[in-house]
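The values are calculated or read from the model by the stated rules, or taken from the named source; none is laboratory data. The structure presented is a predicted model; accordingly, all values stated were derived computationally and were not measured. Every residue, glycine among them, receives a Cβ derived from its backbone with ideal geometry; neighbour counts consider all protein chains shown. Areas reflect the complete protein model, heavy atoms only, side chains present, ligands, DNA and RNA absent. Shrake-Rupley method; radii C 1.70, N 1.55, O 1.52, S 1.80 Å.
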Amino acid sequence: LSVFNANSRDAIYLLRHQTFASLKPALEELFSDTEFQIELPDGQLATPVEDAVARALLEIGRNSAQHSLCKSFSVVSQEIDGLIEITAADNGNGAISIRERSFGLASITEHLAAVGAEVEVTSDQTGTRYTIRISVKSGDK
């Protein structure tokens with residue numbers, strides 16, 4: 001029953017609007033025993049875009065914390081040539097399975113595509129890197 005309650009709580013939590021402000025403490029909790037860095041765009045994204053990106057980053061963080069055996073996790077953003085680029089990376093084992101690629105990554109990709117963003121994933125023995133790109137125009141408030 002306690003597993004059901006925990007899963008239900010998690011599902012209800014995810015129904016709420018996600019913001020970068022709520023994302024930071026959630027990731028800090030996931031990576032409390034890990035070297036952690038987070039730099040997110042400040043007030044540049046429309047609400048639905050911020051929600052989709054925050055959800056994707058939370059899912060990426062959960063996957064990394066649960067599966068990668070990483071010692072560090074970072075989220076860094078920058079604006080390059082009209083794009084906001086947000087990179088989430090870990091130094092884990094880089095072992096993204098075919099199942100994780102087909103289900104987890106598909107979910108992340110679909111949510112981001114719905115708001116005009118795209119994601120590129122690279123994974124090898126040095127870790128996994130997710131690069132999310134959003135046109136400044138589609139991300140405008």
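Has the stretch 93-110 got any residue that is part of a helix (DSSP H, G or I), touching a Lys or Arg at 6+ places or on another chain (Cβ under 9 Å), modelled with pLDDT of 85 or more and under 25 Å from ASP42 (Cα atoms)?
yes
From the set of residues in the stretch 111-141 that are open to solvent by 30 Å² or more (accessible area, probe 1.4 Å) and part of a helix (DSSP H, G or I), which is modelled with the lowest pLDDT?
SER138
Could you please give the count of residues in the stretch 34-45 that are modelled with pLDDT of 90 or more and either under 17 Å from LYS137 (Cα atoms) or surrounded by 15 or more Cβ atoms within 10 Å (Cβ to Cβ) (or both)?
Residues flagged as modelled with pLDDT of 90 or more and either under 17 Å from LYS137 (Cα atoms) or surrounded by 15 or more Cβ atoms within 10 Å (Cβ to Cβ) (or both) within the stretch 34-45 amount to 4.
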